[in-house]
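Trainee: Structure provided below as structure tokens; questions to follow.
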Amino acid sequence: MTDLASAALTLWGMQGAPCSFVAGRENRVYRVQSDRGDFALRLRRPGLRSAAELRSELDWMAAMGAAGLSVPRPEPSRSGQLLEEVDGHRVDMVSWLDGTPLGKSREALTLPDPEGAYLRLGQEMARLHDACDSFTPPQGFHRIAWDREGLLGEAPLWGRFWENPTLDAETRALLEAFRARAARDLEALQDSLDYGLIHADLVRENVLLDGGTLSLIDFDDGGYGFRLFDVATALLKNRNEPLYEPLTAALLAGYRSQRPLESAQLGLFMALRAATYVGWIVPRMGEDGAAARNARFTEDARALCADYLRHPALS
């Protein structure tokens, strides 16, 4: 445990509690065991989110928990704050949720009932969107927007994917053509697409199964966006699964059992989701395994964007 984590624990009255490091990509996360239960202590990465965005994330998760969803619940510090600061680092603490992730990216699913699991995920995603629509954000609420500008504008949330320096000329031209076409199509569609608060990162690792409970964790990238973007995110990493088509059908059926969903534009959002990773990897090229991830992301984007461009343009 670092001195920073130790100092943070004091703010929650948990000094000396067993604390073990569990993750450290975007934020440094520790599991804290205490007589009040287990918690995730999160040391937020400087510069990634503003204080207003972090407080908004915590308020949002608290509201989703109050609506009956199994999500991490913010734990107030001794001073009653959900967000504190230690040596220039913003820190928070949320409840630790037990469970086993749906799986890991790039590894075959080993679920005993994969279609049943994705049916439940679709149901929980729909319940999340319902709860988000019923949520009245407090004054000062601010989260990122996965809208047309956030996905395809001059400064996308995850970077200018079409300028990834590893792209060959043909792939760069393909992604530029996709960006132009997708921007036009989104402009034509945006009034008819379901839009609101979304999780935006429902990959396998962020969905936990614990008996009859399905939990959604890591709202760090959550914000305003198209609901199909959540669906595409949950499906993208399953494209190479032998059961991809049944998994897709199960997720859509689960969603529609709770809430209407028009999925005609799912191909567009699969391509958009794939393209975001081509931008996301650029500032992380120095990390171990980045070259292989970049190659996979580029191949996914190339295939899905090319497939989308083969369809007739929207009038």
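The values are calculated or read from the model by the stated rules, or taken from the named source; none is laboratory data. Just so we're clear, the structure is a prediction, and the values are computed from it rather than from any experiment. Backbone-built Cβ (ideal geometry, glycine too); neighbour counts: all protein chains shown.
Trainee: Of all residues in segment 275-296, how many are within 30 Å of Asp191 (Cα to Cα) and hydrophobic (A, V, I, L, M, F, W, C)?
Mentor: The number of residues fulfilling the criteria is 3.
Trainee: For segment 158-178, give me each residue that is surrounded by fewer than 20 Cβ atoms within 10 Å (Cβ to Cβ) and outside any loop (DSSP other than H, G, I, E, B).
Mentor: Glu163, Ala169, Glu170, Thr171, Arg172, Ala173, Leu174, Glu176, Ala177
Trainee: May I ask you to list the residues in segment 285-298 that are surrounded by fewer than 13 Cβ atoms within 10 Å (Cβ to Cβ) and either basic (Lys, Arg) or over 16 Å from Leu174 (Cβ atoms) (or both)?
Mentor: Gly286, Glu287, Asp288, Gly289, Ala291, Ala292
Trainee: Right, something else. Which of the residues belonging to segment 201-217 are in contact (Cβ under 8 Å) with a residue 12 or more places away in the chain and surrounded by fewer than 22 Cβ atoms within 10 Å (Cβ to Cβ)?
Mentor: Result: Asp201, Val203, Arg204, Glu205, Asn206, Leu208, Leu209, Asp210, Thr213, Leu214, Ser215.
Trainee: Is one or more of the residues making up segment 288-296 in a loop (DSSP other than H, G, I, E, B), more than 20 Å from the chain's Cα centre (by Cα) and under 23 Å from Arg45 (Cβ atoms)?
Mentor: Yes, segment 288-296 contains at least one residue that is in a loop (DSSP other than H, G, I, E, B), more than 20 Å from the chain's Cα centre (by Cα) and under 23 Å from Arg45 (Cβ atoms).
Trainee: Spot the failing condition for Ser70; the list is (1) out of contact with any Gly (no Cβ under 8 Å at 6 or more places or on another chain); (2) not assigned by TED's automatic domain parsing to the domain that holds Trp12, and only one is missed.
Mentor: (2) is the only condition that Ser70 fails.
Trainee: Hey, another quick one. Restricting attention to segment 299-315, and to residues there that are outside any loop (DSSP other than H, G, I, E, B) and in contact with a Gly (Cβ under 8 Å, 6 or more places away or on another chain), which single residue is surrounded by the most Cβ atoms within 10 Å (Cβ to Cβ)?
Mentor: Residue satisfying both the conditions and the ranking: Leu304.
Residues checked against (1) crowded, with 17+ Cβ neighbours inside 10 Å; (2) not in a helix (DSSP H, G or I):
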{"position": "Ala5", "(1), (2)": "yes, no"}
{"position": "Gly13", "(1), (2)": "no, yes"}
{"position": "Arg25", "(1), (2)": "no, yes"}
{"position": "Arg49", "(1), (2)": "yes, yes"}
{"position": "Met64", "(1), (2)": "yes, no"}
{"position": "Gly68", "(1), (2)": "no, yes"}
{"position": "Gln81", "(1), (2)": "no, yes"}
{"position": "Leu97", "(1), (2)": "yes, yes"}
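Trainee: While we're here: I'm trying to understand the selection: among the residues of segment 196-236, which are outside any helix (DSSP H, G or I) and closer than 20 Å to Asp113 by Cβ?
Mentor: Leu202, Val203, Val207, Leu208, Leu209, Asp210, Gly211, Gly212, Thr213, Leu214, Ser215, Leu216
Trainee: Being assigned by TED's automatic domain parsing to the domain that holds Asp147, within 17 Å of Leu102 (Cβ to Cβ), surrounded by fewer than 21 Cβ atoms within 10 Å (Cβ to Cβ) and among the aliphatic types (A, V, I, L, M) is true for just one of Leu247, Leu252. Which residue is that?
Mentor: One residue alone meets the criteria, Leu252.
Trainee: Let me ask another. Which ones in segment 27-47 are part of a loop (DSSP other than H, G, I, E, B) and either touching a helix residue (DSSP H, G or I) at 6+ places or on another chain (Cβ under 8 Å) or not basic (Lys, Arg) (or both)?
Mentor: Matches in segment 27-47: Asn27, Asp35, Arg44, Pro46, Gly47.
Trainee: Moving on to the next point. Looking at Cys132, Cys19, which is the one that is in contact with a strand residue (DSSP E or B) (Cβ under 6 Å, 6 or more places away or on another chain) and farther than 30 Å from Pro260 by Cα?
Mentor: The conditions single out Cys19.
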